[in-house]
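Written out below as structure tokens is the structure these notes cover.
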Amino acid sequence: MTDNQFDKIIKMISMILDGCTDLDEAKKKVAELMDDRKNENKNE
């Protein structure tokens, strides 16, 4: 993994966690994003 890829991943994580009040909320957001991504791949 390059430094640039790592930086992008960290920025995305920061965006996901922004506004979360606790770990459970953050996990829920990540799960929703993963489900959305799975659904997009099925539709292609």
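The values are calculated or read from the model by the stated rules, or taken from the named source; none is laboratory data. Small disclaimer: the values here were computed from a predicted structure and weren't measured. Methodologically, a virtual Cβ is constructed for each residue, glycine included, from the backbone with ideal geometry; neighbour enumeration extends over all protein chains shown. Each accessible area value is taken on the protein alone, full model and side chains, heavy atoms only, with ligands, DNA and RNA left out. Shrake-Rupley method; radii C 1.70, N 1.55, O 1.52, S 1.80 Å.
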request  = Please tell me if I16 is of a type outside the set (D, E, K, R) and either modelled with pLDDT of 90 or more or open to solvent by 80 Å² or more (accessible area, probe 1.4 Å) (or both).
outcome  = no
Count - residues of region 22-37 that are open to solvent by 100 Å² or more (accessible area, probe 1.4 Å) and closer than 17 Å to M12 by Cβ = 4
task = Would you please list the contacts, defined by Cβ atoms under 8 Å and residues six or more apart or on different chains, that run from a residue in region 23-39 that is of a type in the set (A, V, I, L, M) to a residue that is open to solvent by less than 80 Å² (accessible area, probe 1.4 Å)?
result = A26/I16; A26/C20; V30/I16; L33/I16
